[in-house]
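Working notes, structure below.
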Amino acid sequence: MDVNGLITKVTWKIEVLSDVGSTSKSMGLNGQVTKVTWRIENFSSIKAKTLCSENFTVDGSKWQLRIYPEGNNEDFLSIYLVVADSATLASGWTRYAHYGFAVIDQFDRENSKTLASKKEFNAIRPSRGFNLLPLTELHNPKRGYLLNDACLVEAYVFTGRTVDMISHEFIVKTDLDKRKTKEGDCVKAAIGNQKTTTTKPVEIINPSPTLAIELEQPAEADMNTFFTSLESELSNSRIVYSKEEAKEALAKINEALNMTPVDLNDSGKFCPLKQAFMILASFDGSSTTLTIKQMNELLGLEERLKELTNRAAKAVQDKNQLTAKESIKRTMTRSLESSLIRYKEVETEVKQVDQILAALHEEVVEAQKKREKMLAERNGIYKSCKEIKMKLDALGKEWAVYEATARVGEEEEKSVEAEWGRIKDFISSINGKI
């Protein structure tokens with residue numbers, strides 16, 4: 001794998017675990033858990049946002065792992081399980097899986113960071129995963145997550161729906177030597193100098209399975225017992241080192257003294273110094289001109305140097321803490337200054353608004369009076385209209401009577417006019433006879 005011009009060695013291993021322990025046997029399962037091991041070297045040099053693994057198959061379905069080395073918009077190492085062929089699947093497809101991820105602590109497997117879940121995958125959610133490990137913890141040299149800048153990631157996939165197969169205990173207790181493999185190891189290793197930056201294309205080969213890295217972690221108790229026994233054996237071996245070896249040991253001490261105490265503490269070179277002092281302690285100084293006092297003082301330098309490096313580291317830590325606090329103080333001071341400036345701006349704007357409100361107050365009072373007058377007029381109009389409407393409604397109820405009376409009056413008027421005409425004609429007719 002060529003990432004950012006660095007030849008990156010990747011070990012890729014797939015297993016189908018055929019024996020997942022007594023727990024699975026009690027549940028009547030044959031162990032259909034697929035385990036994927038992904039080891040990535042030169043990890044801290046990778047600048048790519050996303051790393052995608054090879055495809056692997058579980059129960060006929062294709063899957064893929066996706067890693068965000070610098071986090072997926074969070075300060076965490078993020079790992080996702082992805083349906084590899086989601087773009088080509090028919091509409092409405094779904095898949096179900098129990099899955100678990102682990103970033104292995106290569107000092108102590110039981111301290112590995114693990115998370116597990118069970119989810120349904122579909123076209124809307126073709127990937128599922130976690131923000132697994134804070135980046136600060138990932139890069140902590142006291143933990144074994146990036147041993148020799150190599151990150152060891154494991155993924156476990158189980159497609160059954162009936163039981164929870166994958167847990168932290170299951171992952172950390174996985175015994176690679178006792179698992180039976182139904183799929184062959186697929187190991188891909190980059191060829192070239194792992195320490196040299198280059199833009200030369202990387203040739204990927206498929207080496208013999210014997211080249212696969214040994215991933216099993218020894219138990220902490222076994223390691224402690226071994227090294228305790230080894231220390232006792234070495235202390236009782238009574239090896240007497242030569243003058244030349246003593247000179248080499250002294251040269252190592254002198255080389256270390258050319259470094260600053262802080263650099264010596266940070267470089268991890270104090271362990272070779274311890275070995276150098278062990279050689280001097282087993283060296284027969286009778287062949288030198290050193291006095292017993294000088295020899296004892298020389299041997300006592302180990303603890304003295306260790307104390308000084310620790311004090312120097314603590315002093316730098318205290319200074320850095322002060323520097324960090326000063327940075328925080330400056331940031332907070334700038335924030336206060338900015339807030340003060342804005343406060344004064346807002347205060348000025350408030351005064352301007354108050355002036356505008358004061359200028360508008362008289363107009364508002366006058367407008368209020370006018371409004372009250374208009375409301376009174378409106379109420380008067382409403383009352384008058386209400387009374388007229390009531391009279392109109394009452395008139396409407398008597399209208400038929402008035403119409404009948406009017407018709408009778410009209411007929412009476414016509415009758416009177418007719419009679420009036422007849423009288424008039426009569427008078428006219430006799431007017432000449434008298």
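The values are calculated or read from the model by the stated rules, or taken from the named source; none is laboratory data. In this text the structure is predicted, and so the values were computed from the model without any measurement. Here the Cβ positions follow ideal geometry from the backbone for every residue, glycine too, while neighbour counts run over all protein chains shown. Note: accessible area is taken over every heavy atom of the protein model, side chains too, but ligands, DNA and RNA are not part of it. Shrake-Rupley method; radii C 1.70, N 1.55, O 1.52, S 1.80 Å.
Of note:
- Across the stretch 90-100, rounded Karplus estimates of 3J(HN,Hα) from the backbone phi angles (6.51 cos²θ - 1.76 cosθ + 1.60, θ = phi - 60°) give 5, 4, x, 5, 9, 9, 10, 7, 8, 9, x Hz, Gly and Pro being marked x.
- Projected label distance in nm at Thr260 and Gln321, using a 7 Å step from Cα toward the beta-carbon: 1.9 nm
- Distance from the stretch 376-431 to the stretch 336-360 (C-alpha centre basis), Å: 75 Å
- Take the Cα of Ser335, go 7 Å toward its beta carbon, and the backbone nitrogen atoms of the stretch 306-321 under 20 Å from that spot belong to 321.
- Taking only the Cα atoms of the stretch 240-330, the ratio Rg/Rh comes out at 1.17, with Rh defined as the Kirkwood radius.
- Rounded accessible area per residue of the stretch 331-428, 1.4 Å, Å²: 96 Å²
- Which listed pairs, of Lys62/Lys119; Lys113/Lys142; Lys35/Lys113; Lys47/Lys119, have C-alpha distances above 21 Å, in listed order: Lys47/Lys119
- FRET efficiency, Lys386 to Ile124 (Cβ-Cβ, R0 60 Å, nearest 0.05): 0.40
- Two-site label geometry, Leu395 and Lys293: point separation in nm, points 7 Å out along Cα→Cβ: 13.9 nm
- Label-to-label distance for Glu137 and Phe107 is 1.4 nm, based on points extended 7 Å past Cα in the beta-carbon direction.
- Extreme residue, positive dipole direction of the stretch 240-330, given options Met278, Ile328, Thr291 (C-beta unit charges): Ile328
- The Glu347 and Ala367 beta-carbon pair, evaluated with R₀ = 30 Å, returns a calculated FRET efficiency of approximately 0.50.
- His168 contributes an accessible area of around 80 Å² to the protein surface, as traced by a 1.4 Å probe with all chains present.
- Using only side-chain charges placed at the Cβ, +1 for Lys and Arg and -1 for Asp and Glu, the dipole size of the stretch 240-330 relative to its Cα centre rounds to 520 debye.
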